[in-house]
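Structure, as structure tokens:
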Amino acid sequence: MTAAGASERVGFVGLGNMGMPMAGHLVAAGYHVQGFDVSAGVMAAIAGREGFSAAPSLTAVGDGAAAVILMLPDSNVVEHVLLAGGLLASRPPGSMVIDMSSSDPLRTRELAARASAAGVTLIDAPVSGGVSGARARTLTIMVGGTEEALTAARPLLAAISPRVARAGDVGAGHAIKALNNLMSAAHMVASSEALIAGRRFGLDPAVMLEIINGSSGRSGSTENKWPNYVLTGTYDAGFSIRLLVKDMKLALAIEHATGTPATVSEAATAAWEAAAGELPPDADHTEIARWLDRGP
Ligand code: NAD
């Protein structure tokens, strides 16, 4: 794993919206990706793709590989794959599991302790930047783990994106990721309410965005989500509202556990939960702007 040898193998579980383009960069860097996904369509897609192979089973995904990367929906699925699914038991001592999903930091710490008892190093390395960042190789990767573990994992992570930052010990990456998404989601709902109000007041949304993006109200919502996915009418950022609400709840749990004031965070989460309750479960998160603008 320390040198990106031309035929070096890496296991990869969860080749969805994010996992597929991330794995594509590993192949471009010279790795052979042995993938596993519960989706038959994904397995068929990788079976025919150069640099990929479809693992015959979950427990075979890491055969011949020093590391297995997970890019799964949440901690429930990560635990299911590692424990009930037998992936952790299949990993040899000295190997590594890298959880790049947006998981629960406390459950990640517990999993890392169980892995360590089996001689396996588990680190968290969640990402920010969305599907467009995954494709463009501009994701921010926030790593929770020791310096030594990061040194071992760095060639793989750097192949996915050069923006690799150590967040702290195991679980730290997952904690920062959840808190980041809480902020991002709060910005999205606040800016959507303001921009909808402006439009109803007679202002042109494109003009508002141009002015706001040079002013103090700007955010990832005004700089990226509104211009690229809301005003275009495409609502296809590739991140589901269900996964975003999951992240907000993880961050709220951190705020509550630490006795931090959470009034705005709670209100923002309630707004997203209300939208998620009425939209289809796999609706793109940018749909909240259309939902907020719905009729009375
Ligand atoms: P996704 O639903 O598109 O992909 C998840 C993949 O996991 C799917 O292909 C699914 O079939 C597979 N999967 C589910 N259960 C499985 C199991 N038991 N075994 C094997 N495979 C299984 O989700 P995504 O948008 O790619 O997100 C993945 C993770 O990345 C989530 O934790 C999400 O919060 C996080 N994330 C997403 C984005 C984004 O913009 N989409 C950005 C940053 C982080």
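The values are calculated or read from the model by the stated rules, or taken from the named source; none is laboratory data. Note that the coordinates shown come from a computational prediction; the quantities given were computed from them, not determined experimentally. Positions of Cβ are generated from backbone atoms using ideal geometry, with glycine treated the same way; all protein chains shown enter the neighbour counts. Just so you know, the surface numbers come from the protein's heavy atoms only, side chains and all, with ligands and any DNA or RNA stripped out. Shrake-Rupley method; radii C 1.70, N 1.55, O 1.52, S 1.80 Å.
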>> Only four residue types carry charge here, +1 at the Cβ of Lys and Arg and -1 at the Cβ of Asp and Glu. Report the dipole size of the chain about the Cα centre in Debye, rounded to the nearest 20.
In response: 320
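So what is the relative contact order for the chain, in percent, with contacts set as C-alpha pairs under 8 Å and at least six apart? Don't jump to the answer; show the numbers that get you there.
Working: 528 pairs, mean separation 41.6, N = 296.
Dividing the mean separation by the residue count of the chain yields 14 percent.
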>> For the pair residue 249/residue 80, report the inter-label distance in nm, with labels modelled 7 Å from Cα in the Cβ direction.
In response: 1.4
> Using a 1.4 Å probe, what is the accessible area per residue for the chain, in Å²?
Replying inline: 44
>> Along the charge dipole of the chain, pointing to its positive end and built from +1/-1 on Cβ of Lys, Arg, Asp and Glu, which listed residue (292, 18, 217) has its Cα farthest out?
In response: 18
> Given the Cα-Cα distance of residue 216 and residue 148 and 0.36 nm per residue of separation, how much length would full extension add, in nm?
Replying inline: 20.5 nm
> If contacts are Cα pairs under 8 angstrom and at least 6 residues apart, what is the relative contact order of the range 175-293 in percent?
Replying inline: 37
> Efficiency by 1/(1 + (r/R0)^6): what FRET value for residue 194 and residue 270, r their Cβ-Cβ distance, R0 = 22 Å, to the nearest 0.05?
Replying inline: 0.75
> With point charges of +1 on the Cβ of Lys and Arg and -1 on the Cβ of Asp and Glu, referenced to the Cα centre of the chain, which listed residue (179, 129, 192) lies farthest in the positive direction of the dipole?
Replying inline: 129
> Which aspartates and glutamates does residue 177 reach when only Cα atoms under 17 Å apart count, and residues fewer than 8 places away in its own chain are ignored?
Replying inline: 74, 99, 104, 124, 169, 247, 255
> How do 31, 229 stack up against each other in accessible area, from largest to smallest, with a 1.4 angstrom probe?
Replying inline: 229, 31
> Taking a probe of 1.4 angstrom, what is the accessible area of residue 103 in Å², to the nearest 10?
Replying inline: 0
> Against the longest alpha carbon principal axis of the chain, how many degrees, from 0 to 90 and to the nearest 10, is the axis of helix 105-117 turned?
Replying inline: 0
>> With every protein chain left in place and a probe of 1.4 Å, what is the accessible surface of residue 176, to the nearest 10 Å²?
In response: 80
> In square angstrom, rounded to the nearest 10, how much accessible surface does residue 263 have for a 1.4 Å probe?
Replying inline: 110
> Between residue 263 and residue 294, what FRET efficiency comes out of the Förster formula 1/(1 + (r/R0)^6) with R0 = 22 Å and r the beta carbon distance, rounded to 0.05?
Replying inline: 0.30
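Quick one: putting +1 on the C-beta of Lys and Arg, -1 on the C-beta of Asp and Glu, what dipole do you get for the range 135-227 around its Cα centre, in Debye to the nearest 20?
220
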>> Using alpha carbons only, how many angstrom separate the centre of the range 186-200 from the centre of the range 256-296?
In response: 13
>> Below 8 Å between Cα atoms, with a sequence gap of 6+, how large is the relative contact order for the range 1-104 in percent?
In response: 28
>> Between 0 and 90 degrees, rounded to the nearest ten: what's the tilt of helix 19-28 against the longest Cα principal axis of the chain?
In response: 50
